[in-house]
Amino acid sequence: MRRLHKYLALSPAGRAIVLRSLLLLPAVAALLRVRGMEPARAWLGRLRPFAADDASALAPREIAVLVGAAGALLRARCLPRSLVLWRLLRDRGSSAEIRLGVAKLADGSLSAHAWVEFGGAPLNERADLLERHAALPALAGRFTSSRPKTLSL
């Protein structure tokens, strides 16, 4: 009931972002499992844009928080969350970039992570993310909202 009250307290633009995220996150997660990152990104790129006026009322950070809340509800992983956030920012006309990075864990294994950068800073992560994860330079600048068809893995 508390979640419903929080949802109803959002602006119409905020509710639209949450609903879109709840629809897109499972679809993107399934596409990632079955086909991989490039087909999932391409599918998102082919979708008709959502009404820009919905998202234009919100700051990029607010959109990131709303996508994150929907992702937490669905227990979505970082890559689907980042892809959906990237798409919603793209519809708004914002230039955002998907970043992938790795971190070495204490046991010597590697941990991968995905996030969205906006204005050169992580948008859907804490600012200290870059202290823990090294961005993969091969992808930097190749997966941006202003040039959505340039990623090739």
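Laboratory data are not the source of any read-out in this text; all were calculated from the coordinates shown. Bear in mind the structure is a predicted one, so any value in this text is a computation, not a measurement. Here Cβ is always computed from backbone atoms with ideal geometry, including for glycine, and neighbour counts include all displayed protein chains.
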Note to self: As I understand it, the dipole of the chain uses +1 on the Cβ of Lys and Arg and -1 on the Cβ of Asp and Glu, about the Cα centre. Which of A64, G119, I17 lies farthest toward its positive end?
What the structure shows: I17
Check: How large is ³J(HN,Hα), in whole Hz, for each residue of region 28-37 in order, when computed from phi with the Karplus curve 6.51 cos²θ - 1.76 cosθ + 1.60 and θ = phi - 60°, using x for Gly and Pro?
Finding: 5, 4, 5, 4, 4, 5, 8, 10, x, 5
Note to self: Please list, in order along region 75-86, the HN-Hα scalar couplings obtained from phi with the Karplus expression 6.51 cos²θ - 1.76 cosθ + 1.60 (θ = phi - 60°), rounded to whole Hz, x for Gly and Pro.
What the structure shows: 6, 6, 7, 5, 5, x, 4, 5, 5, 5, 4, 4
Check: FRET efficiency for L136 and R48, Cβ-Cβ distance as r, R0 = 35 Å, nearest 0.05?
Finding: 0.70
Note to self: Residue by residue through region 5-21, what is 3J(HN,Hα) from phi via Karplus (6.51 cos²θ - 1.76 cosθ + 1.60, θ = phi - 60°)? Round to whole Hz and write x for glycine and proline.
What the structure shows: 5, 4, 4, 5, 6, 6, 5, x, 5, x, 5, 5, 5, 4, 4, 4, 5
Item checked: For the chain, calculated [θ]222 nm from helices alone, where every DSSP H run of n ≥ 4 adds -39500 (n - 2.57) -> -16000 deg cm²/dmol
